[in-house]
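The block underneath contains the structure these notes are about, expressed in structure tokens.
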Amino acid sequence: MQSFFTLPEQVRFALQPPSKLSQLLNTGVWLVLWGLFFTLPAGALVRPGSNQSLVRGSVKDALTGKPLAGARVEVRKRVLEKLPDGTLRLLGLDHATPLLKKAFTDTQGGFAVPVSTPDCPLVAVEATCPGYLSQHQVMVWTGEQAGSEIIFSLAKAEPTPNETEQLRTLHEQVRQGLVLEHPEFSQPEKFPATDSFAQKVPITTPPVKTATGEVFLAVPTQVQVVNLAGFTGLMDFNEFIAGVVSAEMGDGFPFEALKNQAVCARTYALERFNRTGVANGGQAYTATHGNKSTNATYNTNAIVFLFNNQVVPAYFSARCHGDFTLNSEDGLSNITTCIPGGLGVGTLGYARSRPCSGHVNCSQTTETCCVVTIGGRQQFIYGHGVGMCQRGAQQFAGRDGRDWQQIVQAYYTNIVLTNTPGFGVGDQIVTTTGLNVRNSACGPTVITNVPSGTTGRIVSGPQRPLCNLAAPDSYLTWWEVEYSNGARGWSVEDFLKKTGTPPTITQFYPIASAPGKTVLVSGTGFVAGATQVFFGGSNLVPAADVSVLSDSQISVQVPASSTGAANINGYLTVRVGSTFEATSQTLPQNVTHPEDPASTFPEFVLWGDVNRNGVFQTNDLSLARAYLLFQATPTASQQLAADVTPLNANGSRGNGQLSSVDFTFLRAVSFGQTSF
């Protein structure tokens with residue numbers, strides 16, 4: 001359910017459980033599970049008179065609360081940068097540096113790892129234990145910002161059907177406790193953006209469509225967050241969404257339901273970011289990321305949905321009445337006031353009442369239940385009841401075998417999914433736990449077991465046969481993988497994480513070419529048998545012929561249907577596996593026109609604010625035949641403006657759409673009389 005967590009007093013939570021939550025759970029379990037959804041900043045104990053902190057905490061069984069002795073704990077330094085305007089930027093976990101600080105828990109499940117406070121103000125801590133799924137606390141503060149001890153609650157890698165059901169129930173009980181303590185969890189838009197962030201609302205580019213009907217939308221890799229687990233600044237978008245999925249559903253849900261949750265959460269956050277400049281708010285979040293929840297996020301990278309060609313708030317809630325969701329105008333206020341229409345979002349064309357899975361309603365559970373009369377009948381609802389129903393998604397995925405796309409489409413009306421499929425044949429993966437490799441999807445024969453961290457490539461799939469291995473559910477998603485150690489067979493997607501660097505394009509020649517001619521594309525990340533190339537601006541046309549010469553070079557034939565202004569003109573898109581990368585967003589440093597190497601960068605003056613639509617003046621530059629580039633420093637990589645439009649006949653003034661918060665130096669380059 002959408003929410004924003006307002007930070008309460010740290011000490012109160014560190015010393016005792018919230019009163020209402022403690023009424024729901026026994027004392028031995030609440031402390032373990034609280035760590036799954038606790039959005040306060042975790043931290044370290046500062047040693048008086050020293051520059052060292054102790055990163056300390058405990059590792060326990062998520063179901064029983066028993067300590068796990070011998071669990072491995074690893075600490076990594078997070079990389080924080082300060083941009084020229086003072087904004088902090090937290091680089092992704094792939095930039096985190098191992099500190100060679102590893103520890104193993106004692107007989108009570110406890111650990112303490114010393115770190116240098118000045119060198120490591122923010123660290124990430126991962127806990128792994130044989131037979132359990134790993135867990136990652138991605139933001140642990142040291143020094144003065146230190147918060148509570150870290151509590152890891154690890155779920156078994158292969159729980160029994162009964163244990164899975166218990167974990168799901170406990171997850172819901174903890175979340176219910178959080179909502180009781182903080183009613184704003186069930187209410188959207190409880191965190192209005194300040195003027196300073198509203199001024200940084202990013203410039204959005206319209207979606208483009210391929211000839212086969214696929215829709216591509218540029219989605220930012222970093223977003224602004226405010227007071228999220230103690231951090232304000234730019235952070236990796238996927239890292240943020242992984243924390244939302246971990247809190248909203250958790251690893252106990254079927255994987256296709258988790259992927260559905262990731263898409264809904266990303267859509268909701270992107271609409272908010274585009275509108276206010278801040279991505280968080282209206283959704284629960286935890287900095288303790290689950291294994292499956294993280295994989296579901298990365299395996300749906302950049303996927304959002306549109307309504308009327310716009311990103312929209314993707315409302316979702318915990319449990320509808322069971323048979324139908326509510327129309328948006330009937331959405332409930334929260335679980336304490338239960339006012340129909342109190343959601344306050346009006347009539348939304350994409351959020352109409354839709355059939356649900358037939359799950360039990362909250363009158364048959366321990367959840368706090370709203371009893372309301374809507375549409376002339378009595379209904380029992382937990383949450384606001386609009387959009388995706390999390391318990392319905394659980395049954396659609398686990399009981400009925402639907403994939404994430406079918407689930408999303410079931411709950412929203414007349415929407416269009418973008419950047420699909422997100423995960424598929426040709427993608428590079430890494431295993432996130434020890435994983436069986438079978439002779440077929442849900443096959444009886446285990447060929448081998450590959451350890452956590454094994455890389456590979458998807459070669460076929462997916463398949464979703466009825467499978468007894470999925471109990472208490474009935475379906476899992478399987479892919480055939482060619483592993484780097486030589487093994488090849490079928491593995492479940494739950495523990496396959498999409499990895500590898502997205503493809504990039506550094507240059508292509510010629511800039512404009514007639515249909516049927518060959519264009520040479522240089523870049524990185526090209527894979528034979530898994531690379532597609534598209535031409536065009538608003539409508540992407542697939543290339544007639546693509547030859548991958550190496551991982552850094554492609555030879556491609558311009559399609560016959562691509563002519564005139566829609567030919568190339570900076571709009572060349574490469575897709576490797578399920579990942580898109582477009583040249584309309586990046587150009588290499590020191591760009592020169594291949595037909596006019598003597599081209600220079602004319603001087604010009606910018607009018608207006610960087611990161612918004614700016615009006616600029618140039619010297620002798622025809623804007624109709626120019627790229628506008630902008631950069632953070634005179635030597636930094638140059639970025640291509642999203643749009644350049646002349647304002648007068650001689651082209652001496654124009655508009656430039658600038659789409660980065662930290663670029664202050666601008667340059668323009670003209671390609672002379674080249675016809676686009």
Test for N485: is it in contact (Cβ under 8 Å) with a residue 40 or more places away in the chain and open to solvent by 40 Å² or more (accessible area, probe 1.4 Å) = no
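Rundown of residues vs (1) buried (at least 24 other Cβ atoms within 10 Å of the Cβ); (2) modelled with pLDDT of 90 or more; (3) outside any strand (DSSP E or B), yes/no style:
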{"site": "T204", "(1), (2), (3)": "no, no, yes"}
{"site": "T212", "(1), (2), (3)": "no, no, yes"}
{"site": "V219", "(1), (2), (3)": "no, no, yes"}
{"site": "Q224", "(1), (2), (3)": "yes, yes, no"}
{"site": "M235", "(1), (2), (3)": "yes, yes, no"}
{"site": "N238", "(1), (2), (3)": "no, yes, yes"}
{"site": "A242", "(1), (2), (3)": "yes, yes, yes"}
{"site": "D251", "(1), (2), (3)": "yes, yes, yes"}
{"site": "A257", "(1), (2), (3)": "yes, yes, yes"}
message = Looking at the stretch 473-486 only, could you name the residues that are over 14 Å from G443 (Cβ atoms) and out of contact with any Asp or Glu (no Cβ under 9 Å at 6 or more places or on another chain)?
response = D473, E482, Y483, S484, N485, G486
query = Does V174 satisfy being at pLDDT below 85, closer than 21 Å to L343 by Cα, crowded, with 19+ Cβ neighbours inside 10 Å and not hydroxyl-bearing (S, T, Y)?
reply = no
ask   = Do we find a residue being open to solvent by less than 10 Å² (accessible area, probe 1.4 Å), outside any strand (DSSP E or B) and in contact with an Asp or Glu (Cβ under 9 Å, 6 or more places away or on another chain) anywhere in the stretch 464-472?
value = yes
request  = Within the stretch 73-82, identify whether any single residue is of a type outside the set (F, W, Y), surrounded by 14 or more Cβ atoms within 10 Å (Cβ to Cβ), touching a Phe, Trp or Tyr at 6+ places or on another chain (Cβ under 7 Å) and closer than 21 Å to S246 by Cα, and answer yes or no.
outcome  = yes
task = From T294, T276, T336, T267, grab the single residue that is open to solvent by less than 10 Å² (accessible area, probe 1.4 Å) and among the β-branched types (V, I, T).
result = T267
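Tell me which residues, restricted to the stretch 444-463, are of a type outside the set (S, T, Y) and part of a strand (DSSP E or B). Talk me through it step by step, then tell me what you get.
Kept after step one, since they are of a type outside the set (S, T, Y), are these residues of the stretch 444-463: 444, 446-447, 449-451, 453, 456-459, 461-463.
Matches in the stretch 444-463: V446, I447, N449, V450, G456, R457, I458, V459, G461, P462, Q463.
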task = Only residues that are under 18 Å from T169 (Cβ atoms), out of contact with any Asp or Glu (no Cβ under 9 Å at 6 or more places or on another chain) and open to solvent by 40 Å² or more (accessible area, probe 1.4 Å): list them for the stretch 343-367, please.
result = V360, S363, Q364
ask   = Checking A441 against (1) in contact with a Lys or Arg (Cβ under 8 Å, 6 or more places away or on another chain); (2) assigned to a loop (DSSP other than H, G, I, E, B); (3) closer than 30 Å to N309 by Cα; (4) open to solvent by 10 Å² or more (accessible area, probe 1.4 Å), which test does it fail?
value = (3)
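The values are calculated or read from the model by the stated rules, or taken from the named source; none is laboratory data. In this text, all values refer to a predicted model and were calculated from it rather than measured experimentally. Positions of Cβ are generated from backbone atoms using ideal geometry, with glycine treated the same way; all protein chains shown enter the neighbour counts. The area values use the complete protein model at the heavy-atom level, side chains included, leaving out ligands, DNA and RNA. Shrake-Rupley method; radii C 1.70, N 1.55, O 1.52, S 1.80 Å.
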